[in-house]
Amino acid sequence: MRNLVWLFLLAAVVPAIAGEPLETSHAPVAKQFVRGGQFKDMILPAPIIDGLESEGLWGCDLVLPRDKDNGIEDNKWCYWGGNPVKGKDGKYHIAVCRWREETGHMGWFESEVAHCVSDNPLGPYVITQTIVKKGHNPEVMTMPDGTFALHLMNADVYSSALMPGPWERIGQMKMIPRGLRPSDRLGSNLTTEFRPDGSILLMQKNGDISFSNNGILGPYNLVSIDTYSRHSGYAEDPVVWRSRHQYHCIYNHAMDRKSGYMRSLNGVHWKNEEGLPYDVSSTFYTDGTKNEWHKFERPKVMQDEFGRATHLSLALIDTVKSEDKGNDIHSSKNMIQPLVVEKLISIVGDEPITADTIEIAVRIEAEEGFRPIKEVDLGSLRFGSDLLVNYGKGCKAVGSASDGDDLIVDFEGKNGLNRFDFDLKLTGQTKNGELVVGYAVLPGRSSTEACLIALPATVKSDNGASKLEAIIENAGLSDSKPCEATVMEHSHTGWRRLAKVRIPELKAGESTTLSVQLEQPVAENCEYDIHLHGQKTCEGFWRMVDDTDDSVEFIGDWKQSKADPLYYMNHERSSDTIGDTVKFTYTGTMARAYGDLDRRDGGSFDVYLDGQFVENIVLRWGSAMGKVYQTKRLPEGEHTLEFKVSECRGCSTARIDAFAFESTSNRIDD
């Protein structure tokens, strides 16, 4: 029996949404995105600054001709990431990572950070000087006092009154894992954003979230882990930004050359919005010319006064990193593209909205350069849950009225509101065909609302008696209401409820300790979940399933691991035999698989859902009990998630530890 027990808030209990439509089916439903249904639709063609060129430029044919004046590039240096920032001088600045081109891409281990500046957010950017002699993965925050903070992959932080410098090292970020992770190591690829109260959200490379109430250096308290939809394929390079009521995040699967987009109301609980934020089709110019880069990494955004993303910056390379040898035709650069800026929209009135609400009025605000009364094509508009609107469904406009320069649109129809939503989405176009996208927070919801979390439970022994303890904390920005918590135990005999405990009102940042006497002998290799009643999350109702459960079928030569407390219920299984299969059959809407991704020899899986091939994933560069995979949302019903061990160059062993599934049947009633 372990002292430290893994805790997963898998069945976060939220109030039921009246009339929530839950389809029932035994087969996936094919859906096609409409324009505006994916973040990548927000990427606009890049204006050409001074012509497209090929002569004298590095790069394979797929990235020629191109605009060398966009972003930053030259023939002497490799450039790799940095976020454009508007300075006090009205110019645009980047603290950009670079290293000598003659060393090839693997020369990044000796990279430095340089300052560059431009009169235009797109470029051309001109290097002025080196500001950090050795550093990688830079990101700059504009601090409340007008100074700038630059943090790097080793968590070092530099400060300057001006973007060109001088920059002074002020210390190193610190994180307190609080039992959610075995180490306090922050790692690389850090991204930060201010919360509404001025505290700072930090997201690590692996998607873990920490908060600091003590400035840029912290310490940061870890509040949530495993936020990505999956960690296989080397999930990394997150960028987080906050616009109006919500946080946004884009991240990469570096080995799979794929990307993901997710959103959050409070920075703790995240929902994946299906679709891609960018792909090989995303770099193009106003004359129709397209470049097809081999790899996109280090996404960053430029924001306006509302926090909305106005430009997307990407680090690009034209070949496999290891094939850029230096003094050859390959290299890397930063490119910046303009974005469709989300519209300022809000729901009129404060009446609660449910899935049964037929009529909703929405305000579309006028702003500089946008007059919705004259410009919006009413017939193109759709409004509702992103799970509907992204596929062309949702409420339709049935009327409109003006309120000053603003447009009030009356919508009718099925809004699709469900347990994953904290806002509703608008898509459509102007009469000139320009994309219109916006999000309106639901009445009664707020980015400053209370947010209770449970830290991992520990089992303590005292004179032969056992006691389970866990800290319950209000990680939100408002006082919480009193609620109850149900403590569940998961062993090889199944799930059982141990106790229901009253949780008092907690002020923002305040915590209390939950304590339960374990009257029966503690089951061997058991896990504990603590379900907080009445908490509004966007994650749904999840339940863990061990690999020994009858719903899990292993076919082939799978081997059980030695006991290890990092694994769910102390064990996982592995196979290095091509064609070996594991199937998980569940009744619900989504499924997850967990396994040890913290191995450089990790193999790969072909993924099948209900008998249909979905994709191939690489099982490397993560952690024990890493999130191997998560399905898209399917109609409520019986489904089978299947993994087949596949060939993978340079890797061998595939590992599976546990599964989980989402369903309303997992809800624990108040």
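Quick check on packing: order 620-630, 450-460, 122-132 by the mean number of other C-beta atoms within 10 Å, highest mean leading.
Details: 620-630: 22.9, 450-460: 20.5, 122-132: 18.2.
Most protected by this proxy first, the peptides run 620-630, 450-460, 122-132.
Against the 2.2 N^0.38 Å scaling, with N counting residues, where does region 544-666 land? I'd like the Cα-based Rg ratio to two decimal places. All intermediate terms of the calculation are to be shown ahead of the outcome.
Working: Rg = 13.4 Å, N = 123, 2.2 N^0.38 = 13.7 Å.
Dividing the Cα Rg of region 544-666 by 2.2 N^0.38 Å gives 0.98.
Evaluate E = 1/(1 + (r/R0)^6) for residue 497 and residue 170, where r is the Cβ-Cβ distance and R0 equals 41 Å; express this FRET efficiency to the nearest 0.05.
Working: r = 49 Å, r/R0 = 1.20.
Efficiency for this residue pair is about 0.25.
In square nanometres, what is the average projected area of the Cα convex hull of region 322-401?
With every direction weighted equally, the projected area is 10.2 nm².
Between residue 128 and residue 289, what is the label-point separation in nm under the 7 Å Cα-to-beta-carbon projection?
About 3.0 nm, to one decimal.
Please report the relative contact order for the chain, taking Cα pairs under 8 Å with a sequence separation of at least 6, and give it as a percent rounded to a whole number. Write out the running numbers ahead of the final one.
On the way: 1870 pairs, mean separation 100.7, N = 670.
Computed value for the chain: 15 percent relative contact order.
Simple spin-label model, 7 Å along Cα-to-Cβ: residue 515 to residue 305 in nm?
5.3 nm
For 250, 209, what ranking results if the residue with the fewest other Cβ atoms within 10 Å of its Cβ goes first?
Listing 250, 209 from fewest to most nearby Cβ atoms yields 250, 209.
Extension gain residue 76-residue 555, at 0.36 nm per residue separation less the Cα-Cα distance, in nm?
Working: separation 479, 0.36 × 479 = 172.44 nm, distance 5.33 nm.
Residue separation times 0.36 nm, minus the Cα-Cα distance, leaves 167.1 nm.
Taking a virtual spin label 7 Å from the Cα of residue 50 along the C-beta vector, which residues in region 98-134 bring their backbone nitrogen under 20 Å of it?
Hits in region 98-134 for residue 50 at 20 Å: 115-129.
Between residue 154 and residue 367, how high is the FRET efficiency from 1/(1 + (r/R0)^6) when r is the Cβ-Cβ distance and R₀ = 45 Å? Nearest 0.05.
Numbers: r = 41 Å, r/R0 = 0.90.
After rounding, the FRET efficiency stands at 0.65.
What number results when the radius of gyration of region 98-215, computed over Cα atoms, is divided by 2.2 N^0.38 Å?
Values: Rg = 15.6 Å, N = 118, 2.2 N^0.38 = 13.5 Å.
Rg over 2.2 N^0.38 Å, computed on Cα atoms: 1.15.
Going down the table (86/325; 290/627; 134/295; 425/632), which pairs top 28 Å between alpha carbons? Let's see the in-between values first.
Numbers: 86/325 35 Å; 290/627 35 Å; 134/295 24 Å; 425/632 19 Å.
From the list (86/325; 290/627; 134/295; 425/632), the Cα-Cα distance tops 28 Å for 86/325; 290/627.
Which of 513, 269, 619 sits closest to the plus end of the dipole of the chain, meaning its Cα is farthest towards the positive end, when Lys and Arg get +1 and Asp and Glu get -1 on the C-beta?
513
Taking the Kirkwood radius as the inverse of the mean 1/r across Cα pairs, report the Rg/Rh of the chain. Working shown, then result.
Details: Rg = 25.1 Å, Rh = 26.2 Å.
Here Rg/Rh amounts to 0.96.
Please compute the modelled spin-label separation between residue 162 and residue 583, points set 7 Å along Cα→Cβ, answer in nm with one decimal.
6.8 nm
Mind ordering 427-436, 528-537 by average Cβ neighbours within 10 Å, highest first?
Values: 427-436: 16.2, 528-537: 21.3.
Highest mean packing first, the order is 528-537, 427-436.
Per the Kirkwood treatment, what hydrodynamic radius in Å, one decimal, follows for region 434-539 from the mean inverse distance over all distinct Cα pairs? Don't skip to the end; give the middle numbers.
Working: mean 1/r = 0.0636 Å⁻¹.
Computed over region 434-539, the radius equals 15.7 Å.
Report, to two decimal places, the Cα Rg of region 39-338 normalised by 2.2 N^0.38 Å (N = number of residues).
Numbers: Rg = 18.1 Å, N = 300, 2.2 N^0.38 = 19.2 Å.
So the Cα radius of gyration is 0.94 times the expected 2.2 N^0.38 Å.
When a footprinting reagent is the concern and you count Cβ atoms within 10 Å, what order do 305, 367 take, fewest first? Spell out each step's value before the answer.
Values: 305 5, 367 15.
Result, fewest neighbours first: 305, 367.
With only alpha-carbon atoms counted, please give the Rg and Dmax of region 216-359, in Å.
Expressed in Å, the Cα Rg and Dmax of region 216-359 come to 18.4, 64.
Read-outs: derived from the displayed coordinates by stated rules, not from any lab. Please read all numbers here as calculations on a predicted model, not as lab measurements. Heads up, the Cβs are rebuilt from the backbone with ideal geometry, glycines too, and the neighbour counts pull from every protein chain shown.
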